[in-house]
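Following: one structure in structure tokens, then a few remarks.
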């Protein structure tokens, strides 16, 4: 006899998901096919229309939330089209629960051996831009909701699905806009914060983008005395920035780091990356400008104002020894840091689901952080009372694949995340 609804326990509900590898792969391939790379992010409405059709089929009411142009006008990137977020809800007077995923992706880049928008499955892995970060999470969510509807399982919550844009560029991410509009209701399942490992993600770094520009005077290279070389004028500033990098990357964080192979410390570490430099127009012209861009990841136990102030002071020390006619420093606060409560009821429930799915015990459970950044710091800034609960489909095959060529996710891990969600939605811990 087939069990339905309240007759189903977690084990029986998980069995309903096991046979749906083809279905979750099909769902994800359909999402990957829509190019939502940012910049420019021109296909956001198309993506939301695809998602709205899925949610409407599952009896969730979909609402398009378009950000006003002045909300994102300060983002210094070539953006195109509307900034559209989708909220899909099913309300029955139960406690609210928000479920978050972003659908935008980084650009494709070089080195792919498969079609980045093809959704090809090979050896149990589904390939495509955004599969690991984080359209795969959306496919798992849709599958969990499908199984819940088809089996008659009743959720414990009124579920509000927040499908958001512009996480990959920060500054004004879509989920912050929704939080400011009151759409983060109850606790928040963060479908990017964790993985199919015996762990709870505790903390993530904030991020500042720093651009330093030296100004010189153009001239003929054969008469260098008549100009001011802006590239050479950058050298003493770079020297001071590298000294600051050495000091600040040794900051003694209190937060444990995930034991990633090659990691230099057991604790989370600041990151001070001089990632881009540009200057000059032609070999025989003295360059009149030079720009350096720094990706500064700062820890939850660092102070942003101090971080920014230290950079300005280092640039000033270098500028005092530079021949630059002018030095400009622009610092943009892209992401805020995040710290979550691993002992909250929501995070304990998410951990219990993983233990049931994988057969793990709690004795070797890891609680740690990573020096990457997320828009959940913005949510915490706006809605500090929300319990942020991390989970994702990332496993051994995909944990290093976000933003990489041949990005992929294991179909089996998509099913595991769907089980974790189904447990969270429908079963008391």
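Considering each of 346, 369 in turn, give the residue that is in the same structural domain as residue 74 (by TED's automatic domain parsing) and in a strand (DSSP E or B). Full working, then the answer.
On the way: 346 fails: in a strand (DSSP E or B).
Within the list 346, 369, the selection yields 369.
With respect to residue 156, determine if the residue is surrounded by fewer than 19 Cβ atoms within 10 Å (Cβ to Cβ) and either in the same structural domain as residue 72 (by TED's automatic domain parsing) or part of a loop (DSSP other than H, G, I, E, B) (or both). Reasoning before the result, please.
Details: surrounded by fewer than 19 Cβ atoms within 10 Å (Cβ to Cβ): yes; either in the same structural domain as residue 72 (by TED's automatic domain parsing) or part of a loop (DSSP other than H, G, I, E, B) (or both): yes.
Criteria met by residue 156.
Identify all residues within the stretch 91-115 that are in contact (Cβ under 8 Å) with a residue 60 or more places away in the chain and over 30 Å from residue 378 (Cα atoms); write none if there are none. Let's see the steps before the verdict.
Of the residues in the stretch 91-115, the ones in contact (Cβ under 8 Å) with a residue 60 or more places away in the chain are 91-114.
The answer is 110, 111, 112, 113, 114.
Out of (1) surrounded by 24 or more Cβ atoms within 10 Å (Cβ to Cβ); (2) within 25 Å of residue 253 (Cα to Cα); (3) in contact with a helix residue (DSSP H, G or I) (Cβ under 7 Å, 6 or more places away or on another chain), what's the single condition that is false for residue 208?
(1)
Keeping to the stretch 311-332, report how many residues are within 30 Å of the chain's Cα centre (by Cα) and surrounded by fewer than 16 Cβ atoms within 10 Å (Cβ to Cβ).
Residues in the stretch 311-332 being within 30 Å of the chain's Cα centre (by Cα) and surrounded by fewer than 16 Cβ atoms within 10 Å (Cβ to Cβ): 4 in total.
Under 6 Å by Cβ, and 6 or more places apart or on different chains, what pairs join a residue from the stretch 304-319 that is at pLDDT 95 or above with one that is outside any helix (DSSP H, G or I)?
307/298; 308/331; 311/210; 312/329; 315/212; 315/329; 319/327
Select, from 216, 193, the only residue that is in contact with a strand residue (DSSP E or B) (Cβ under 7 Å, 6 or more places away or on another chain), assigned by TED's automatic domain parsing to the domain that holds residue 387 and crowded, with 23+ Cβ neighbours inside 10 Å.
193
Which condition from (1) touching a residue at least 40 places away in the same chain (Cβ under 8 Å); (2) assigned by TED's automatic domain parsing to the domain that holds residue 247 is the one that residue 282 breaks?
All conditions are met except number (1).
The values are calculated or read from the model by the stated rules, or taken from the named source; none is laboratory data. From a predicted model like this one, the values you see are computed outputs, not experimental measurements. Cβ atoms come from the backbone with ideal geometry, glycine included; neighbour counts cover every protein chain shown.
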